[in-house]
1. Looking at the calculated P(r) for region 447-554, what percent of the C-alpha pair distances fall above 20 Å?
2. Go ahead and run the numbers for FRET between residue 531 and residue 387, Cβ-Cβ distance against an R0 of 30 Å, rounding to 0.05.
3. I want to check the label-to-label distance for residue 177 and residue 318. Put each point 7 Å from Cα in the C-beta direction and report it in nm to one decimal.
4. Post the alpha-carbon centroid distance, region 458-496 to region 265-339, in whole angstrom.
5. Students often forget the sequence filter, so: which lysines lie under 28 Å Cα-Cα from residue 546 once same-chain residues fewer than 8 apart are removed?
6. If I model a spin label as a point 7 Å beyond the Cα along the Cα-Cβ vector, how far apart are those points for residue 287 and residue 263 in nm?
7. Between residue 111 and residue 64, 0.36 nm times their residue separation minus their Cα-Cα distance comes to what?
8. Decide, for region 242-347, between rounded, prolate and oblate: order the square roots of the alpha carbon gyration tensor eigenvalues as a ≥ b ≥ c, take rounded if a/c falls under 1.5, and otherwise choose prolate if a/b is larger than b/c, else oblate.
Amino acid sequence: MQGDSSSDQRSSELMKSCNIGAMIDEAADVAPESLALQVPAKNISLSFRELRTACDEIASGLLKAGLKRGDRVLLMVPFGMDFISLTFALFKAGLVPVLIDPGMGRQHMLQCIAESQPTAMIAIPLAHAVKTFRSRFFKSVRIAITVGRCWFWGGKTLEQIKKMGSSAFEVADTQAEDTAAILFTSGSTGPPKGVLYTHGAFRQQTEILKSLYKIQPGEKDLVTFPLFGLFGIGLGMTAIIPEMDFTRPAKVDPEALCALIEKHKISSAFGSPALWNTVTRYCERQNRNLKSLRRILIAGAPVPGTLLQRFEKLVDPACQIHTPYGATESLPVASFERREILGEAWELSQQGMGTCVGNPVPGVEVSIIKITDDLIASWSENLKLPQGGVGEIVVKSPWTTRQYFNRETANRLAKIADGESIRHRMGDIGRIDERGRLWFYGRKSHRVETGTQTLFTIPCETLFNQHPYVRRSALVGVGPEGRKTPVIIIEPENEMPCTTNERDHWIAELLTLARRSPITQPIERVLFYPDFPVDVRHNAKIFREKLAKWAEQQI
């Protein structure tokens with residue numbers, strides 16, 4: 001399925017010399033005194049002019065401190081003013097920020113650091129202390145910069161770097177194919193991998209987001225996910241940064257978030273389904289609304305129609321609520337608006353037809369191929385399934401990343417050579433319907449093969465999730481590969497059933513529900529789990545691998 005290619009000429013222009021950090025200069029040239037970011041809880045803010053000055057001082061100071069264009073820089077700083085200034089400064093200097101979620105677990109994080117081989121490390125004191133005591137993972141680091149007080153490990157502080165620098169700085173003349181950043185995946189379905197982003201891919205991505213969602217300079221953007229906050233600032237929006245733990249969006253304080261939206265008349269917001277679930281439930285209980293919002297983006301996991309229905313009385317009728325589909329390696333791939341979802345699409349989802357994520361966005365080609373865990377060296381049109389076939393999702397676009405850093409095996413398994421281009425295997429299962437819309441069926445690695453049929457997570461779970469006792473469910477398989485027994489694990493909406501009679505009653509009702517559809521008829525085992533393990537980035541992707549191991553022990 002080929003998206004509209006009307007942006008080809010613009011794409012060609014963007015593939016010339018470009019630096020994603022120059023977007024700060026462009027915004028400052030247009031509206032120097034407009035606010036780039038604001039942290040209300042700390043009563044601090046920066047205009048685009050001030051942000052440009054801060055970035056230039058840091059960029060020039062880093063180069064004077066001994067860093068060279070192309071050096072990888074491990075950035076371990078909480079999201080906020082310093083993080084934003086540092087990230088754009090690194091871009092402008094032609095340095096390569098390495099961004100790793102600390103919530104992925106200590107061992108995964110240390111392995112990612114060793115794998116990325118950074119030349120420098122810019123971090124808060126706690127991270128430098130870890131470096132001191134786990135030095136074998138930081139062997140490549142020769143320049144240490146502390147955001148805050150420098151203790152016993154030496155090196156310079158960020159304030160010293162700024163003083164060394166100058167506001168008269170010329171942005172590095174990076175080319176479109178030059179590496180801009182290494183962003184590590186969350187590791188929700190396997191070991192985290194460093195996704196290599198180029199300046200050209202970032203530029204293309206920014207342009208399609210601006211066009212697709214009609215983002216305008218001067219808007220106020222509520223930032224609950226750091227990466228999208230960077231895009232918003234680059235497009236001239238004011239980033240309003242709430243007081244929250246960005247690794248636990250599901251635990252956000254909804255009262256504080258609603259108050260922030262209302263006080264600052266915020267017009268745009270991006271967040272995970274888990275975050276919006278918390279906020280909308282609070283709004284319903286407290287009779288609050290979100291009337292200033294004109295655009296809401298929800299991503300990170302499938303978005304249930306029940307969540308979208310909750311917005312009906314909370315937002316202005318003009319508010320657009322979009323559910324972009326993609327991954328760290330390629331975003332966006334497709335997009336859908338709330339009103340379209342709640343029509344026929346949500347009704348079909350409830351019948352076990354998967355989650356519709358909309359039509360491919362302009363510039364993206366989406367194909368469905370036969371499901372396989374084997375590598376595919378080169379692309380052929382013969383790989384594609386007929387329209388409507390359920391298979392593996394493969395994408396190609398100007399902003400789809402070409403490789404992982406230092407992960408040759410992962411590259412061979414996830415990338416398909418197509419002439420001068422690369423196609424990316426999303427690791428997801430889906431189909432394309434007769435209207436060209438993409439339907440998501442779940443992760444390829446989560447499919448359950450029983451020996452007689454294959455069950456997919458999203459269609460099965462959507463049927464169980466309709467039961468009033470069920471908050472969410474997870475399909476897993478136990479037993480040998482190719483002959484697994486399907487098990488449905490239930491996270492109850494309220495309290496866990498305590499007595500044997502209560503559990504037996506729930507199980508009987510759930511199995512009756514399962515027998516009504518051929519999709520779920522093979523499921524004969526039900527387990528209960530009080531609070532599903534989820535990813536740290538969005539708190540929405542269920543760690544089914546962990547639940548599968550637990551289920552093995554139970555059965």
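1. Values: 2096 of 5778 pairs.
So the portion of pairs separated by more than 20 Å is 36 percent.
2. FRET efficiency, residue 531 to residue 387: 0.15.
3. With each label point 7 Å from Cα toward Cβ, the separation is 4.6 nm.
4. So the two Cα centres are separated by 25 Å.
5. 193, 251, 370, 415, 444, 484
6. Using points 7 Å along Cα→Cβ, the separation is 2.4 nm.
7. Working: separation 47, 0.36 × 47 = 16.92 nm, distance 2.95 nm.
This chain segment gains 14.0 nm when fully extended.
8. Oblate, since a/c reaches 1.5 and b/c is not below a/b.
Here, each number is a calculation from the coordinates, and none is a lab measurement. Since we're looking at a predicted model, the values are computed, not measured. Neighbour counts are summed over all protein chains in view; Cβ atoms, including those assigned to glycine, are modelled from backbone coordinates with ideal geometry.
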